[in-house]
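Data first, discussion second: the structure below is written as structure tokens.
Rule-based calculations on the coordinates, nothing more; no lab input. What you see is a predicted model, and the numbers here were worked out from it, not measured in a lab. Note: ideal-geometry Cβ built from the backbone for every residue, glycine included; neighbour counts use all protein chains shown.
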Amino acid sequence: MAGLQKFYSDLQAIALNQDKPEWDETKDDRLQPDEEGHEAAMDQVQMLKVALDIEGLDLEEAVQAAKVRVVSFFSFWCVCV
């Protein structure tokens, strides 16, 4: 994906009549995963899995179960409001 970012960076420089920017993949590639952010969010992800009762399911099963629970919740909430 870094190649795509570099391409658009070069394209922008051409469009603005500027020199091509120097490209440092480690500094300029903004598509690298944020490992610290992922670690910090794991507690919230685990709490969401428990709340939706999808812990231990594979991805497709978890998505389907979560959809059913969310739709059920909002249907109930709309009736109560």
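Things worth noting here:
- Net charge in the neighbourhood of ALA66 (other residues with Cβ under 15 Å of its Cβ; Lys, Arg +1, Asp, Glu -1) is -2.
- Here is the size of the chain from its Cα atoms: Rg then Dmax, 21.6, 61 Å.
- Computed on the chain, with alpha-carbon pairs under 8 angstrom and 6+ residues apart, the relative contact order is 17 percent.
- Projected onto their three principal axes, the Cα atoms of region 34-81 cover extents of 41, 24, 16 Å, largest first.
- Cα-projected label distance for HIS38 with SER9, points at 7 Å along beta-carbon direction, nm: 2.3
- Axis of helix 2-15 versus longest Cα principal axis of the chain: the two differ by about 50°, to the nearest ten degrees.
- Placing pseudo-labels 7 Å out from each Cα toward the beta carbon at GLN64 and LYS49 gives an inter-label distance of 1.9 nm.
- Listed residues ALA40, ALA15, ALA66, most fluctuating in the chain (Gaussian network, C-alpha, under 10 Å): ALA15
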